[in-house]
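J.: The structure follows.
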Amino acid sequence: MTPTGPEYLYVEKPSIRLLEQLGWVSVDAFQEKMGSRGTLGRDSERDVILPHRLKQAMRELNQSNTPDSVNTPEVPDAAIDEAIEALTKDRSAMDPVRASREVYELLRNGYLAQWRDASGSNQTALLQYLNFQTPADNDLLAVQQMWIAGKYHRRRPDVVLFVNGIPLVLMEFKEPNQSVKTGFDDNITDYRDTIPQLFTPNCFVLISNGRDTKIGSTFVSYDFFNDWKITDAQGTRTKTSIETALHETCNPNALLDLFENFVSYMERPGGMIKVVARAHQYYGVNAAIANMIRARAERDKRLGVFWHTQGSGKTLSMLWFTQKVLRSIPGNWTFVMVTDRKELDVQLYKEFASAGAIPPETKVHADTGAHLRELLAADHRYVFTLIHKFQPSKALGESVMPVLSERSDVIVITDEAHRSQYDTLALNMRAALPNASMMGFTGTPLIQGEEQATRE
């Protein structure tokens, strides 16, 4: 029986109606029947991934992903079962964040299956769990009042959003006169302790009382839960708190984009953390990518300036921008990450390395001007350097900066794009990379009177 109090009537029920408008099928699972033909398609209350729904979705996705049916082998059920087993194996002994990363990498990158076909030939295929290309074609299920059993306790979250049977979003609602923080303190922290398996595949958690809505990454403290009140990179606000948050993060396109391109796992001294983009990062990065596509089509090498307020996650925006370009835009891209202060240079490199964007064995941090030239002559995805290393070589008797790379698939990203980016060093950089595109990131207020120079 579904609750009928103020929380349900004024927050949960309207939210379900909006989710239905966004393409989700809603199910009340309070009196769930188990089994392959049951309410949700799971065999036990301990299951947080719905295996029967996932198997059917993977059958459809991985057959339809192979348009050349003559030359592409049919994926057997045994291979799909193997992929599901890899996803659902017990990870309770692992650190929760590392277990989450392991599952995340499977969900985002797929499972490499191997088998023998009827003729005895070896076959391989990268099996996908989620359809990132056409998100609306996934099995979208919004489940209310689902019982989940942990080791010692049963709990019943308000709403869980399943994509192909995988729980990507957890929602907790409170009455309008209760604080959102109550939902975190009384419910989310309890769920993390009693039903921890629900959080392993989770993308983000949403808590709302209707008036206020907060969104946070899977394992963060309440201090790191944030509003999602805007609908574009210009900061437009059009709806109430809960309407905006649901419409902007839970429509299938946005949710799958957030999951695929705006999640990072970062090594920290106290252990690994998981971060998910905030609204301004999500819209800013996507606006920057749209501008990049436009600029490339128009043969414009100026990709614009990405303004951040201080302390708002500029480095993560740079990371997500470059990673999404590498993942979604065809090309043999190289990003030259340029700063004008040593501490910024070291910090930027360490952040990208801690997120796994740079393989540990790859030495792409320029130590000297000569090393920078070696890196630019090679084929690296990233090169990190101080702008001061773009100088003529006295040892080689150079009086002007030579061309170091004529590639047009090089994107120079300058951090703190101010004076150093339009003086002699900047001219040297442009001479060294004449066909590169240029983009600036800054978290510092522009110097008064020089705003136009930065834009130029």
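J.: I'd like to verify a number: residues in segment 108-138 that are open to solvent by less than 20 Å² (accessible area, probe 1.4 Å) and touching a Pro at 6+ places or on another chain (Cβ under 7 Å), how many?
T.: 2
J.: Within the set of pairs 6 or more residues apart or between chains, which connect a residue that is without any contact (Cβ under 8 Å) to a residue 60 or more places away in the chain and assigned to a loop (DSSP other than H, G, I, E, B) inside segment 29-42 to a residue that is loosely packed, with under 14 Cβ neighbours inside 10 Å and among the small types (Gly, Ala, Ser) with Cβ atoms less than 8 Å apart?
T.: 34/44
J.: Further question on the same structure: State all residues of segment 72-101 that are assigned to a helix (DSSP H, G or I) and either open to solvent by less than 40 Å² (accessible area, probe 1.4 Å) or touching a His at 6+ places or on another chain (Cβ under 7 Å) (or both); if no residue qualifies, say none.
T.: Listed by number, the residues that qualify are 79, 80, 83, 84, 86, 87, 97, 99, 100.
J.: Quick one: which residue in 351, 451, 406 is farther than 30 Å from residue 97 by Cβ and modelled with pLDDT of 90 or more?
T.: 406
J.: Of everything in segment 306-339, what is open to solvent by 40 Å² or more (accessible area, probe 1.4 Å) and either charged (D, E, K, R) or in a strand (DSSP E or B) (or both)? Give them in sequence order.
T.: Listed by number, the residues that qualify are 307, 327.
J.: Applying the selection to segment 409-448, what residues are among the acidic types (Asp, Glu) and modelled with pLDDT under 85?
T.: 416, 423, listed by residue number.
J.: Can I ask one more? Which residue pairs have Cβ atoms closer than 7 Å, lie 6 or more positions apart in sequence or on different chains, and pair a first residue in segment 107-125 that is over 21 Å from residue 163 (Cα atoms) with a second residue that is among the hydrophobic types (A, V, I, L, M, F, W, C) and exposed (fewer than 13 other Cβ atoms within 10 Å of the Cβ)?
T.: If the second residue must be among the hydrophobic types (A, V, I, L, M, F, W, C) and exposed (fewer than 13 other Cβ atoms within 10 Å of the Cβ), the pairs left are 115/78; 124/112.
J.: Residue under question is residue 17, and the condition is that it be within 28 Å of the chain's Cα centre (by Cα), surrounded by fewer than 18 Cβ atoms within 10 Å (Cβ to Cβ) and either modelled with pLDDT of 95 or more or acidic (Asp, Glu) (or both); does it hold?
T.: Answer is yes for this residue.
J.: Looking only at segment 48-65, count every residue that is among the small types (Gly, Ala, Ser) and surrounded by 16 or more Cβ atoms within 10 Å (Cβ to Cβ) and tell me the total.
T.: So the count comes out to 1.
J.: Can you pull out every residue in segment 169-191 that is in contact with a helix residue (DSSP H, G or I) (Cβ under 6 Å, 6 or more places away or on another chain) and within 26 Å of residue 138 (Cβ to Cβ)?
T.: 172, 173
J.: Something else: Tally up the residues in segment 139-178 that are open to solvent by 10 Å² or more (accessible area, probe 1.4 Å), of a type outside the set (Ser, Thr, Tyr), more than 23 Å from residue 14 (Cα to Cα) and not in a strand (DSSP E or B), please.
T.: 2
J.: Let me ask something else about it. When you scan segment 37-47, do you find a residue that is small (Gly, Ala, Ser), surrounded by fewer than 16 Cβ atoms within 10 Å (Cβ to Cβ), closer than 25 Å to residue 141 by Cβ and touching a helix residue (DSSP H, G or I) at 6+ places or on another chain (Cβ under 9 Å), even just one?
T.: Yes: segment 37-47 contains one or more residues that are small (Gly, Ala, Ser), surrounded by fewer than 16 Cβ atoms within 10 Å (Cβ to Cβ), closer than 25 Å to residue 141 by Cβ and touching a helix residue (DSSP H, G or I) at 6+ places or on another chain (Cβ under 9 Å).
J.: Tell me the residue from 351, 361, 374 that is among the acidic types (Asp, Glu), under 30 Å from residue 105 (Cα atoms) and out of contact with any Ser or Thr (no Cβ under 7 Å at 6 or more places or on another chain), please.
T.: 361
This table checks each residue for (1) on the phi > 0 side of the Ramachandran plot; (2) more than 28 Å from the chain's Cα centre (by Cα); (3) of a type in the set (A, V, I, L, M); (4) open to solvent by less than 60 Å² (accessible area, probe 1.4 Å).
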| position | (1), (2), (3), (4) |
| --- | --- |
| 342 | no, yes, no, no |
| 355 | no, no, yes, yes |
| 367 | no, yes, no, no |
| 378 | no, yes, yes, yes |
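J.: Suppose we filter segment 380-389 for residues that are open to solvent by 30 Å² or more (accessible area, probe 1.4 Å) and touching a residue at least 40 places away in the same chain (Cβ under 8 Å); how many remain?
T.: The qualifying residues number 3.
J.: Now, a different point. Search segment 186-206 for residues being over 20 Å from the mean Cα position of the chain (by Cα) and of a type in the set (Val, Ile, Thr), and hand back the single one that is most open to solvent (accessible area, probe 1.4 Å).
T.: Of everything passing the filter in segment 186-206, 189 is most open to solvent (accessible area, probe 1.4 Å).
J.: Here is a list of conditions, (1) exposed (fewer than 14 other Cβ atoms within 10 Å of the Cβ); (2) assigned to a helix (DSSP H, G or I), and residue 259 meets all of them except one; can you say which number that is?
T.: (1)
Quick grid of which residues meet (1) part of a strand (DSSP E or B); (2) in contact with a strand residue (DSSP E or B) (Cβ under 7 Å, 6 or more places away or on another chain); (3) closer than 19 Å to residue 275 by Cα; (4) open to solvent by 50 Å² or more (accessible area, probe 1.4 Å):
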position: 184; (1), (2), (3), (4): no, yes, yes, no
position: 231; (1), (2), (3), (4): no, no, no, no
position: 234; (1), (2), (3), (4): no, no, no, yes
position: 242; (1), (2), (3), (4): no, yes, no, no
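The values are calculated or read from the model by the stated rules, or taken from the named source; none is laboratory data. Fair warning: this is a prediction, and the values are worked out from it, not measured in the lab. Quick reminder, even Gly has a Cβ in these numbers, built from the backbone with ideal geometry, and neighbours come from all protein chains shown. All accessible areas refer to the heavy atoms of the entire protein, side chains included, with ligands and DNA or RNA removed. Shrake-Rupley method; radii C 1.70, N 1.55, O 1.52, S 1.80 Å.
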